[in-house]
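The values are calculated or read from the model by the stated rules, or taken from the named source; none is laboratory data. Source: prediction; values computed, not measured. Positions of Cβ are generated from backbone atoms using ideal geometry, with glycine treated the same way; all protein chains shown enter the neighbour counts. Ligands, DNA and RNA are stripped out before the accessible areas are found, and what is left, the full protein with its side chains, is counted by its heavy atoms. Shrake-Rupley method; radii C 1.70, N 1.55, O 1.52, S 1.80 Å.
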Amino acid sequence: METSEPRYEEAFVDVVGARVYYLHAGSGKPMLLIHGLVGSSANWRNNIGALAQHASVYAIDLVNMGKSQRVEGLDAGLTATANRIVAVMDALNLAEADIVAHSHGGAVALMLAALHPTRVRRLILFAPANPYSRSSDVMVRVYSTAWGGILAWMLPYVPVPIQRIALGGMYGGAHRVPERRLKEIIASLRSPVTLRHVLCVIRCWCAEMAILEAAIRRVKRTPTLLVWGDRDCTVSLSSAVHLHRRLRASELIVLSGGGHSVFEETPDESNRIMLEWLGRRSSTPRLRDLPRAASVARRTMPLTQRPLSTRS
C-alpha cells in the first residue's frame, strides 16, 4: 500500500560535470536521502512527506541513476560517489546534514561519514551494504564473468513475472514488489550507461568493501540508526550485528517479516522509527564532540532488536 505523495520541489543542480536531479520538501535542518543501486529519489516517495514535517529533505538521484545525467565511464567507487555527494551538498549550500540511505547507498553514506565527518550529523541506514555480509558473493562472482555480463544485458527484457521473482528477495517476497518500482528498475537497466555503471559497481564490489572496512573505524562515533528486515536476502542480518558492534554510537532495529527495502515495504512503521530516533537524538551531542570518558560508555550499547509487524 502506498501513501499519497507529498508536495515537493523538483530541480537539478550542476556538479562535477553532471546534472543531478533532486526532490526537496519541508524546512528546518537538512536531511539528505540516498537511494540504493538501480534506485532513485522515487524510492522515498512514501517517506518524504513524514520526514519533511520535521526537516528540510533532499532526495537525490545519483549520477547515472533516475533522472540525473548519464556520464559514460564515471568512477563508480565509494570514495568518488561520496565526494560527488559532498559536491551536491556544496551546490545546495548544505554545510551538514542528517543522511538517510539504503543498501549500496548506505555503503556510500558510511564512506561519506568516514571521509567528511563534519558534513554528517547523524546516519539512518536501511540494510546498508557492508564488508561483513557475504550474501552478495554469488552475484558478484556471476556478474564478474563474461556470461554474467551477457545475462545482465538480457535481464531488463525477460518476462515481467521472472523479473518480479528476481526482485522478490528485496521485498520479502515477489508478491510484495511494487508494480511502479518494478517498472522503474526495468526502465533504468535499459539505459546502456546505467547498466555499465551498475556492472562496474558489482565487479569492484570486493575491493570497495575492503576499503570500506578500513574506513568504518572513522565512523564509530557518529550517531547511527541501523534498520533491517529479518527476511533480507540481499544484505545478511548477521552482518547487521557485526556492523552494529563496530559502530559504537549505533542502534539496531530489526523488523519482523521485512525484506531488503523495509522503508518501501512498511513506510508508516519506518517513518515512525526514524522520527522517534531523531527525536531522541535531537538534543544529544555527537560522540566525537564529547569527552573521551563519555564516549567509552557508548561502547557497550546493547543490541536493540524490536520485532515489529509488517503490512502486506
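Which one of these is assigned to a helix (DSSP H, G or I) and modelled with pLDDT of 95 or more: ALA210, ALA187? None of the other options fit; the residue is ALA210.
The set of residues from region 76-94 being over 18 Å from PHE12 (Cβ atoms), in contact (Cβ under 8 Å) with a residue 60 or more places away in the chain and among the hydrophobic types (A, V, I, L, M, F, W, C) comprises ALA76, LEU78.
Annotation note: Cβ proximity below 9 Å between a residue of region 115-131 that is surrounded by fewer than 24 Cβ atoms within 10 Å (Cβ to Cβ) and a residue that is at pLDDT 95 or above and of a type in the set (Phe, Trp, Tyr) (sequence gap 6+ or interchain) occurs for ARG122/TRP277. For region 29-39, filtered to residues that are modelled with pLDDT of 95 or more and open to solvent by 10 Å² or more (accessible area, probe 1.4 Å), the residue that is farthest from the chain's Cα centre (by Cα) is LYS29. Counting the residues of region 218-240 that are within 13 Å of ASN130 (Cβ to Cβ) and either of a type outside the set (Asp, Glu) or modelled with pLDDT of 95 or more (or both) gives 11. In region 258-274, the qualifying residues are those that are open to solvent by 10 Å² or more (accessible area, probe 1.4 Å) and farther than 27 Å from PRO117 by Cα, and the one that is nearest to the chain's Cα centre (by Cα) is GLU264. Quick check on my filter: what residues within region 190-206 are open to solvent by less than 60 Å² (accessible area, probe 1.4 Å) and assigned to a helix (DSSP H, G or I)? Selection gives VAL193, THR194, LEU195, HIS197, VAL198, LEU199, CYS200, VAL201, ILE202, TRP205.
Among the residues of region 60-75, the one identified as more than 13 Å from VAL20 (Cβ to Cβ) and touching a residue at least 40 places away in the same chain (Cβ under 8 Å) is GLU72. Consider region 213-235 and keep the residues that are open to solvent by less than 10 Å² (accessible area, probe 1.4 Å) and assigned to a helix (DSSP H, G or I). The one that is farthest from ARG280 (Cα to Cα) is ALA215.
For region 132-147, the candidate set comprises residues that are surrounded by 17 or more Cβ atoms within 10 Å (Cβ to Cβ) and of a type in the set (Gly, Ala, Ser); within that set, the residue that is nearest to ARG203 (Cα to Cα) is SER136.
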